[in-house]
Amino acid sequence: MFFYDKIQKEKQKRGYIKVKCILFCILLCLFPITITYTYDTYAEEEIKETQLYAKAAVLMDAQSGRVLYAKNGEEVLPMASTTKIMTCILALEYGNMEDVVTVSSYAASQPKVHLGMVTGREYYLKDLLYSLMLESHNDSAVAIAEQVGGSVEVFADMMNQKALEIGCKQTFFITPNGLDAKIVTENGEEKFHSTTAEDLARIMSYCIMESPKKEEFLAITRTEQYSFSDIKGQCSYSCYNHNAFLNMMEGALSGKTGFTGLAGYCYVGALERDGKTFVIALLACGWPNNKTYKWSDSRKLFTYGIDTYEYKEFYEEQVFEPLPIKNGAAKSGDPFEQVVTGITIEEPDRSVGLLVKESEKVEKEIRLLSELLAPVKKGDFVGTVRYYLQSGEEQVLLREYNVVAVEEVQAKNFTYCFRYIIEEFLP
């Protein structure tokens, strides 16, 4: 009987399900449901490698140094006269603008493009920097290097050292002007004057964002026209800025062109708009007669950055629960009182932001010790707060802050406990 009732109930249940399905189908016919599918269109909006002429290209967030787009960004290639941004920034940082530069025979022998220097002629260092950056004069580059470094070889060492300091790991300078060159090192390794698009963008970011001489660098590279003469007034010169991109897009900040037979057309530039600062680097961006390819690529990269990325500050004020301290001596003198200490982030940089796109998220991770063991000193490490950028499946650490104790807590000892007993139980 039990099994019979169970079977009947099961049939009844199935009947209800059939009725519900029939009713649902009727409703669906009378009131059709529109289902909208959404797709992540970011991949379609991404610049495809085939859309750029350059063999290697990078778009970088100048403030954070984060690469936002790369095409062969780490491929080692010659960089022609884009080299001169490093020559300029080193001269600004280590030279005296009123120094008198005496032209050597080696400087005077440099090939075109050149100022037309004559051995023994004298110039002010400041004037030669305009010759260097506006007209890209090769003889001015050598004269500057010899003045600041003592020799081209020493100055090249300075260039390589600075590159390492700012995080360029695949850059090797031989000349201050970017002419194609190679050397054989002491261990027999053949090296040529080269960089990567990523490293070149990093150098430009340093020049306009971090260098103590960034304002002077920007002033020179943004100048449209500059005139000067040698110290004795024997010759006068007029220099015109060949960075045509300064007038092609709103917010264009700085840049340097370059060309050699080996490097092809190259360009490194910066643009600032709506609180966002971008740097691009283009290597091997066509050969004659394709001089304008670099401007096309520049516009595409900058436009992509402007349209895709927004600046967001990711630091959040954090309030922590007090952290318990094992064996801590309470200020009240009570050995049975639970002692805690306040904790805080150690010297946070609150104005920290990043250029992110809509599909990216910044995530926070907090790791703290469960308790501390007395004695505790003010500033003792208790944990970390980390901010990560989640971009697709990639997770990148953006910033890590130490969390520290805010006060000193002594440990309980025999004297502390004995004093409590005396004060508590003896009259």
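The values are calculated or read from the model by the stated rules, or taken from the named source; none is laboratory data. Just so we're clear, the structure is a prediction, and the values are computed from it rather than from any experiment. Please note: Cβ atoms are built from the backbone with ideal geometry, for glycine as well, and neighbour counts cover all protein chains shown. Note: accessible area is taken over every heavy atom of the protein model, side chains too, but ligands, DNA and RNA are not part of it. Shrake-Rupley method; radii C 1.70, N 1.55, O 1.52, S 1.80 Å.
So which residues in region 167-190 are surrounded by fewer than 18 Cβ atoms within 10 Å (Cβ to Cβ) and within 22 Å of R66 (Cα to Cα)?
Within region 167-190, G167, K169, Q170 qualify.
Can you name every one of the strands (runs of 3 or more DSSP E) wholly within region 321-371 that holds 2 or more residues which are open to solvent by 70 Å² or more (accessible area, probe 1.4 Å) and within 17 Å of N402 (Cβ to Cβ)? Talk me through it step by step, then tell me what you get.
Details: elements: 323-326, 339-341, 343-345, 353-356, 361-368.
Counting at least 2 such residues, we get 361-368.
Give the number of residues within region 219-272 that are within 18 Å of A57 (Cβ to Cβ), part of a loop (DSSP other than H, G, I, E, B) and open to solvent by less than 40 Å² (accessible area, probe 1.4 Å).
Total meeting the criteria: 3.
With respect to Q161, is the statement that it is out of contact with any helix residue (DSSP H, G or I) (no Cβ under 7 Å at 6 or more places or on another chain), outside any strand (DSSP E or B), open to solvent by 20 Å² or more (accessible area, probe 1.4 Å) and over 23 Å from Y240 (Cα atoms) true? Explain how you work it out, then say what you get.
Values: out of contact with any helix residue (DSSP H, G or I) (no Cβ under 7 Å at 6 or more places or on another chain): yes; outside any strand (DSSP E or B): yes; open to solvent by 20 Å² or more (accessible area, probe 1.4 Å): yes; over 23 Å from Y240 (Cα atoms): yes.
In short, yes.
Which ones in region 381-397 are surrounded by 17 or more Cβ atoms within 10 Å (Cβ to Cβ) and at negative phi? Outline the logic, then answer.
In the first step, residues of region 381-397 are kept if they are surrounded by 17 or more Cβ atoms within 10 Å (Cβ to Cβ); the result is 382-383, 385, 387-389.
V382, V385, Y387, Y388, L389 - these are the residues of region 381-397 that are surrounded by 17 or more Cβ atoms within 10 Å (Cβ to Cβ) and at negative phi.
What are the residues in region 255-309 that are of a type in the set (D, E) and in contact with a Gly (Cβ under 7 Å, 6 or more places away or on another chain), if any?
Step one: list which residues in region 255-309 are of a type in the set (D, E), which gives 272, 274, 297, 307.
Across region 255-309, the qualifying residue is only E272.
Within region 274-290, work out how many residues are modelled with pLDDT under 95 and more than 16 Å from the chain's Cα centre (by Cα). Break it down into steps so the answer makes sense when it comes.
Looking only at region 274-290, we keep the residues that are modelled with pLDDT under 95, and these are 274-275, 289.
Now drop any that are not more than 16 Å from the chain's Cα centre (by Cα), which leaves 274, 289.
Going through region 274-290 one residue at a time, the tally reaches 2.
Determine which member of the set T292, T257 is within 13 Å of L200 (Cα to Cα) and not aliphatic (A, V, I, L, M). First the steps, then the outcome.
On the way: T292 fails: within 13 Å of L200 (Cα to Cα).
Only one candidate qualifies: T257.
Being open to solvent by less than 70 Å² (accessible area, probe 1.4 Å) and assigned to a helix (DSSP H, G or I) is the filter here; which residues of region 201-213 pass it?
Residues satisfying the conditions are A201, R202, I203, M204, S205, Y206, C207, I208, M209.
Regarding region 417-424, can at least one residue be identified that is acidic (D, E), open to solvent by 50 Å² or more (accessible area, probe 1.4 Å) and either modelled with pLDDT of 90 or more or within 25 Å of the chain's Cα centre (by Cα) (or both)?
Step one: filter region 417-424 for residues acidic (D, E), giving 423-424.
Applying the additional criterion that residues be open to solvent by 50 Å² or more (accessible area, probe 1.4 Å) yields 423-424.
Pick out the ones that are also either modelled with pLDDT of 90 or more or within 25 Å of the chain's Cα centre (by Cα) (or both) and you get none.
Looking through region 417-424, none of the residues is acidic (D, E), open to solvent by 50 Å² or more (accessible area, probe 1.4 Å) and either modelled with pLDDT of 90 or more or within 25 Å of the chain's Cα centre (by Cα) (or both).
How many of the residues in region 278-306 are in contact (Cβ under 8 Å) with a residue 60 or more places away in the chain and either more than 14 Å from Y69 (Cα to Cα) or of a type in the set (D, E) (or both)? Give the derivation first.
Step one: of region 278-306, the residues in contact (Cβ under 8 Å) with a residue 60 or more places away in the chain are 278-286, 290, 293-294, 296-297, 300-302, 304-305.
Now drop any that are not either more than 14 Å from Y69 (Cα to Cα) or of a type in the set (D, E) (or both), which leaves 283-286, 290, 293-294, 296-297.
Total satisfying the criteria: 9.
Considering only residues that are modelled with pLDDT under 80 and not hydroxyl-bearing (S, T, Y), which ones fall in region 317-336? Spell out how you get there, then give the answer.
Looking only at region 317-336, we keep the residues that are modelled with pLDDT under 80, and these are 331-336.
Listed by number, the residues that qualify are K331, G333, D334, P335, F336.
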